[in-house]
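Structure record follows, encoded as structure tokens.
Coordinate-derived values only; no laboratory data. If you're wondering where the values come from, they're calculated on a predicted model, not measured in any experiment. All Cβ positions, even for glycine, are placed from backbone atoms using ideal geometry, and neighbour counts span all protein chains on display.
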Amino acid sequence: MQSSKLTQSLSFGLDIHTGSGDDLQTGCLEARRIRNETNRLDRQGWNWNEIKSVVVDNADHVNNTTQLIVDKALGEIETYHDNKDDGWGRPHPYIDESYPMVMNHGEGYRLFPEEDGTVRFRITATRGTHVKGDLRGSPDHFDRLQTAFNDKEWRVGTAEVVHKHNEWRLHVTVTHETHRVASKHNADTIVGLDVNEDCIALAAMSRSGAVKDSVVFEYPSVKEQRHEFFTKRKRMQKAGQTAFETVVKTEERDYVHDRLHKVSREVAEWISQFTDPVIVFEDLKDMRESIDYGTRMNRRLHSLPFAALQEMVSYKAAWEGVPSDVVDPEYTSQRCPRTECQHTDRANRQKKRFKCKRCGFQDHADRKAAVCVVQNWLDEQYGNVPSLETLPHVRTVRRAASGAGGGPDSHGHDLCSGVDRHGTSVQPGMGAREELKSVASAVQD
Ligand SMILES: [Zn+2]
């Protein structure tokens with residue numbers, strides 16, 4: 001069975017003390033030149049060993065860094081050859097985008113853990129030019145980095161310098177020496193996740209498109225507490241109490257962090273009941289760039305540490321050998337999941353209720369979105385979506401509000417509401433006016 005080493009990618013901001021962002025920019029431009037040169041020589045029919053030696057000799061990066069950049073570029077070409085029968089194009093030259101500098105620990109870059117918990121970095125931006133300073137990042141990422149320094153089982157691997165959202169960042173990979181994670185290509189169960197401000201919805205489906213099970217974990221207390229913290233902070237800003245404001249900020253972060261850890265534990269546990277699962281998240285990068293999502297999506301992205309929750313889930317799952325993947329989130333919240341219909345309309349969704357304006361299909365909006373995440377993944381992997389007509393009843397699990405650090409551990413849920421909703425039929429309580437409304441909009445389509 002295919003598998004790979006357990007690898008984590010940690011992201012840090014760079015507080016630069018020696019050298020500058022301009023030096024890093026020069027390094028990334030050189031990386032881009034190396035990448036385009038590799039691409040050009042391949043197109044001219046050079047063999048790959050020749051490309052490597054020529055490009056490395058002429059580059060302004062230390063040899064090891066150039067080799068890694070060439071490898072990354074050749075990897076893109078290989079992916080193209082693997083997929084060209086499906087209509088994939090050749091990698092195009094990078095013109096406006098920058099290309100990441102890829103470096104080996106101890107060669108192109110080096111990290112130095114200090115007694116006080118800070119981590120210094122040194123990056124060789126180009127031959128002979130060093131950029132130095134301190135890393136900045138989340139406590140989780142610093143914890144994992146410390147583990148990689150101290151635990152013999154872990155190793156600090158390659159890192160990439162990237163320029164994102166107007167700042168310079170370092171993405172460091174840490175790898176476990178023995179632990180393996182299954183290949184997503186062997187997955188038997190595809191678990192789609194839809195993360196929201198107040199809940200996370202999961203749908204586990206087979207490759208044939210049948211829903212094996214689904215669940216919605218609600219955490220309204222996180223939303224409520226965040227709003228409370230937010231109001232508190234606003235009040236303090238007005239009163240000019242900046243010291244207290246910082247305390248509240250830390251309190252809020254710890255509270256949310258603690259809650260999200262508990263939720264992610266429940267999620268990972270729920271997933272562990274399936275054989276050979278793969279977890280599929282919506283790609284946050286695509287989410288940010290997608291116009292389709294507009295304000296609702298922006299609100300979601302800023303209202304909850306999505307990246308943190310996704311990471312916690314994928315980290316816990318990786319320890320069980322379960323792989324994770326991301327998919328383009330296009331229309332997951334608006335599209336009707338019935339393969340016969342697939343009507344896509346913003347108006348299909350009204351808060352937590354999804355009702356297809358064309359066929360009348362109804363469901364819990366977030367659970368349905370999780371189903372669409374799986375459908376998008378199957379479509380990306382195999383170019384088709386197996387037929388889906390109905391969905392099973394959705395089960396919701398609600399965490400009652402309790403103080404930070406309270407609540408049971410992963411073995412119990414605070415409250416199992418067991419709410420059953422009729423996923424496929426029109427709700428009995430629905431008024432005639434609403435019925436008429438949906439008929440009217442169906443006619444408009
Ligand atoms: Zn429909």
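Points worth noting:
- Computed log₁₀ I(q)/I(0) - Debye formula, equal Cα scatterers, no solvent, segment 214-263, q 0.27, 0.29, 0.31 Å⁻¹: -0.98, -1.06, -1.13
- Share of pairwise Cα separations in segment 8-115, more than 17 Å, in percent: 60 percent
- From the C-alpha gyration tensor of segment 1-62, square roots of 5λ in Å: 28, 23, 9
- In terms of surrounding Cβ atoms within a 10 Å radius of their Cβ, T189, T275, T250, T129 rank from fewest to most as T275, T250, T129, T189.
- Cross-link reach is defined here as a Cα-Cα straight distance under 20 Å, omitting same-chain residues fewer than 8 places apart; for K184 the lysines meeting it are K5, K212, K316.
- Evaluating kT/(6 pi eta Rh) at 4 °C and 1.567 mPa s, with the Kirkwood radius of segment 3-182 over Cα pairs in the Stokes-Einstein relation, gives 75 µm² s⁻¹.
- Exposure proxy shown here: for F12, F281, F229, the number of other Cβ atoms within 10 Å sets the order, fewest to most, as F229, F12, F281.
- Taking other residues whose beta carbon is less than 14 angstrom from the beta carbon of R32, and scoring Lys, Arg as +1 and Asp, Glu as -1, yields -3.
- Considering only Cα atoms, the convex hull volume of segment 109-209 works out to 190 Å³ per residue.
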